[in-house]
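Take a look at the following structure, please.
None of the figures in this text is laboratory data; all of them are computed from the coordinates on show. This is a predicted model, so every value here is computed, not measured. Here the Cβ positions follow ideal geometry from the backbone for every residue, glycine too, while neighbour counts run over all protein chains shown.
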Ligand code: UTP
């Protein structure tokens, strides 16, 4: 069973400057809810109650968000606004949150390795909160756990992207193993290739299930693209042994780390809220 979800949330969020100068990207709201709260709700829906968050400098607001605010609660108690805190209160009471800091921002792979102390020696989920996913019958993590139960190896969520955008993603090559489930056995993966070098247009999005041997691999992984320790490079080691499955998830993803995706998500959720 997958019991813990790791949230790497230490990145600088440079695409969203100046908003992210003093505010964590993960705290940017879609309507009234910060991105990371959507992520925690998705993990909870998948039956995960332990949230492990990798933070960095300037990210204290995340810890405060998942804590009780006594003064505020006292202020609005008994009034009509009290119900606005119902969802977050329920999350706080149902889940546990633990934190560790990534001191140097050496990439997503390094952030995941930093989280080892919170995860230990068990398979775990990874959720990048700026990829906001919605729309399937069940959440993407819940879908991926079903895939994990079948294959018992690392799982990456993928989607088809236009070829001219391959240089923004980790791209996989693989062979279809189950047409109805849309799963591929990964044979190659490349971080942010130019379109002419991309092995396909199947891009990894911000959802992973990882087996714990990934930590030992990450310890040995040299900095790759952009001088950062890339999770894609570590996963390639598992893929060479046939131990990575890519899953084309059901639903829709918004890249809320950039302005276009953020606005699209805002419009989508606003329309939804209007019924
Ligand atoms: P991104 O590639 O989106 O980088 O990281 P970023 O810094 O967050 O945003 P931009 O591109 O500068 O606007 C993907 C995920 O990995 C985390 C980020 O927080 C994000 O969730 N990350 C990245 C870390 O936790 N540590 C790092 O050193 C790098």
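Quick one: Cα centre-to-centre distance for the stretch 73-150 and the stretch 255-275, in angstrom?
When both Cα centres are located, 20 Å separates them.
Mind checking the angle between helix 259-273 and the chain's longest principal axis? C-alpha axes, 0 to 90 degrees, to the nearest 10.
Orientation of helix 259-273: about 60 degrees from the principal axis.
Related question: Taking square-rooted eigenvalues a ≥ b ≥ c of the alpha carbon gyration tensor, is the stretch 1-155 rounded, prolate or oblate, where a/c under 1.5 means rounded and, failing that, a/b exceeding b/c means prolate? Don't skip to the answer; put the middle values down first.
Numbers: a/c = 1.73, a/b = 1.25, b/c = 1.39.
The shape class here is oblate.
OK, next. Tell me, what is the percent relative contact order of the chain, built from C-alpha pairs under 8 Å that lie six or more residues apart?
23
Sticking with this structure for a sec: Relative to the first principal axis of the alpha-carbon coordinates of the chain, what is the inclination of helix 35-45, with its axis defined by its Cα atoms, in degrees from 0 to 90 and to the nearest 10?
Here the helix axis deviates by roughly 80 degrees.
Also, I was wondering about something else. Which of these, 17, 141, 72, has the largest mean-square fluctuation under a Gaussian network model of the chain (Cα springs below 10 Å)?
It is 72.
Using only the alpha-carbon atoms, how far is helix 140-151 inclined from the longest principal axis of the chain? Give it as 0 to 90 degrees, nearest 10.
40
Which parts of the stretch 94-115 would a label at residue 49 reach, counting a residue when its backbone N lies under 16 Å from a point 7 Å out along Cα-to-Cβ?
Label zone hits: 94-98.
Got a sec? Which residues in the stretch 130-147 would a label at residue 181 touch, if it sits 7 Å along Cα→Cβ and we count backbone N under 17 Å?
Answer for this model: 138-147.
Among 196, 152, 230, which one moves the most in a GNM of the chain with springs linking Cα atoms closer than 10 Å?
Comparing 196, 152, 230 in a Gaussian network model of the chain, the most mobile one is 196.
Follow-up question, since we're still on this one. Rounded, prolate or oblate: which fits the stretch 229-275, taking a ≥ b ≥ c as square roots of the Cα gyration tensor eigenvalues, rounded meaning a/c under 1.5, else prolate when a/b beats b/c?
Details: a/c = 6.59, a/b = 2.37, b/c = 2.78.
Since a/c reaches 1.5 but b/c is at least a/b, the shape of the stretch 229-275 is classed as oblate.
How far apart, in nm, are the 7 Å Cα→Cβ label points at residue 222 and residue 248?
Roughly 3.6 nm, to one decimal.
Stick to the Cα atoms of the chain, pair each with every other, and give me the Kirkwood hydrodynamic radius in Å at one decimal.
Answer for the chain: a Kirkwood hydrodynamic radius of 19.2 Å.
Report, for the stretch 6-157, the % of DSSP beta bridges that are antiparallel, rounded to 5.
Once the DSSP bridges in the stretch 6-157 are tallied, antiparallel ones form about 15 percent.
P(r) for the stretch 115-158: what percent of alpha-carbon pairs falls in each 5 Å bin, starting at zero?
5, 17, 28, 23, 19, 6, 1
What does the extension gain come out to for residue 60 and residue 90, with contour length at 0.36 nm per residue minus their alpha carbon separation? Working shown, then result.
Working: separation 30, 0.36 × 30 = 10.80 nm, distance 2.08 nm.
Roughly 8.7 nm would be gained on extension.
Say we join alpha carbon atoms closer than 10 Å with springs in a Gaussian network model of the chain; which of 186, 54, 103 then has the biggest fluctuation?
103
Here is a further query. Rounded to the nearest 0.05, what FRET efficiency do residue 194 and residue 14 give with R0 = 30 Å and r taken as the Cβ-Cβ distance? Could you check? Provide the component values of the computation, followed by the final result.
Values: r = 21 Å, r/R0 = 0.70.
The formula returns an efficiency of 0.90 here.
What relative contact order, as a whole-number percentage, does the stretch 123-211 give when Cα pairs under 8 Å and 6 or more residues apart are counted?
42
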